[in-house]
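Presented below is the structure to which this report refers.
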Amino acid sequence: MKQQTKVVVAIDGPAGSGKSTVSSALAKRLGVERLDTGAMYRAVTWEALYSDVDLSDGDALAAIAREADIDVRPEMVVINGHDVTTAIRSAEVSEAVSKVAANEAVRVVLVERQRRWIDDRQGGVVEGRDIGSVVAPDADAKIYLTASREERQRRRKEESADCLASRDHIDSTRDASPLTVPEGAKVIDTTDQSVDDVVEEILRCL
Ligand code: DC
């Protein structure tokens, strides 16, 4: 990775822990861009479902991750010219995404793309499951957000409790870069905290 001139903040945590809300507010405060890496895994999953690719065909999934034109911005997600901003949040994609994200070959390609995103911008706020552990282990701050299961389910009310529990299980037990608290990360429980309080706590880590 090149020398960064802006700050790099890695934000990891399970679904509903507050990553997207906190990352957006933090990026604004720091005047840097934000990357939602979960949206990249979701976009690849959407493309696989759209193209009728068998989700157990690792080579085909990796080919999508490698060859697809993926543009993830805070306000819009586009893959191969399709605006999938809403579609990637569908129940169908939410149910399938953990399986795609557990594929090692897919991860290698997307991690490379995420590192390039950071290099191109010379920094940024990056959120996901393996940012502090794999994508940017030298980040200026490594944050792991958590929240009670009840609160996480309340925040993800569009997702069934079964789906959330199944994603939690697959994401944290898979062989390839499972969700863990990265070494040296600051753990913040967001259950009863305001977004501003969490952002202030992260800023104090920089
Ligand atoms: O953040 P999210 O819930 O939209 O992420 C969707 C899925 O993508 C999640 O179940 C796990 C996976 N993911 C991952 O494995 N690694 C990342 N860096 C980001 C997301």
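Read-outs throughout are calculated quantities, based only on the coordinates presented, and are distinct from any laboratory measurement. These numbers were taken from a predicted model, which means no experiment stands behind them. Glycine also receives a Cβ, built like all others from the backbone with ideal geometry; neighbour counts cover every protein chain displayed.
Just a few scattered comments:
- Evaluated at q = 0.15, 0.22 Å⁻¹: base-10 log I(q)/I(0), Debye formula over Cα of the range 84-206: -0.84, -1.49
- Note on TRP117, TRP46: ascending count of other Cβ atoms within 10 Å places them as TRP117, TRP46, the fewest first.
- When THR45, THR37 are arranged by Cβ crowding within 10 Å, least crowded first, meaning fewest neighbours, the order is THR37, THR45.
- Whole-Hz ³J(HN,Hα) from phi, Karplus 6.51 cos²θ - 1.76 cosθ + 1.60, for the range 178-183, glycine and proline x: x, 5, 9, 6, x, 4
- Hull-based mean projected area of the range 92-155, where the convex hull spans the alpha carbons, in square nanometres: 5.6
- Gap separating the Cα centres of the range 57-77 and the range 7-41, nearest whole Å: 19
- Nonlocal Lys pairs with alpha-carbon distance under 26 Å, the chain (8 or more apart, or different chains): 18
- Here the 3J(HN,Hα) profile of the range 11-24, calculated from phi with Karplus coefficients 6.51, -1.76 and 1.60 at θ = phi - 60°, is 10, 10, x, x, 4, x, 7, x, 4, 5, 4, 5, 4, 4 Hz, Gly and Pro shown as x.
- Note that the range 1-91 shows a convex hull volume over its alpha carbon atoms of 133 Å³ per residue.
- In loop segments of the range 140-198 as defined by DSSP, the GluC sites (Glu not before Pro) with at most 15 further C-beta atoms inside 10 Å of their C-beta are GLU158, GLU183.
- Inter-label distance, THR5 to SER194: 3.6 nm, where each label sits 7 Å from its Cα along the C-beta direction.
- This ranking places MET76, MET40 by how few other beta-carbon atoms lie within 10 Å of each, fewest first, which gives MET76, MET40.
- Applying the criteria of a DSSP loop state and at most 11 other Cβ atoms within 10 Å to the trypsin sites (Lys or Arg not before Pro) of the range 125-200 yields LYS157.
- Three-way shape label, the range 134-184, alpha-carbon gyration tensor, a/c 1.5: oblate
- The sum of -39500 (n - 2.57) across all DSSP H runs of n ≥ 4, divided by the residue count of the chain, sets its helix-only mean residue ellipticity at 222 nm to -14000 deg cm²/dmol.
- Treating each Cα of the chain as an identical point scatterer and summing with the Debye formula, the log10 of I(q)/I(0) at q = 0.08, 0.11 Å⁻¹ comes to -0.24, -0.47.
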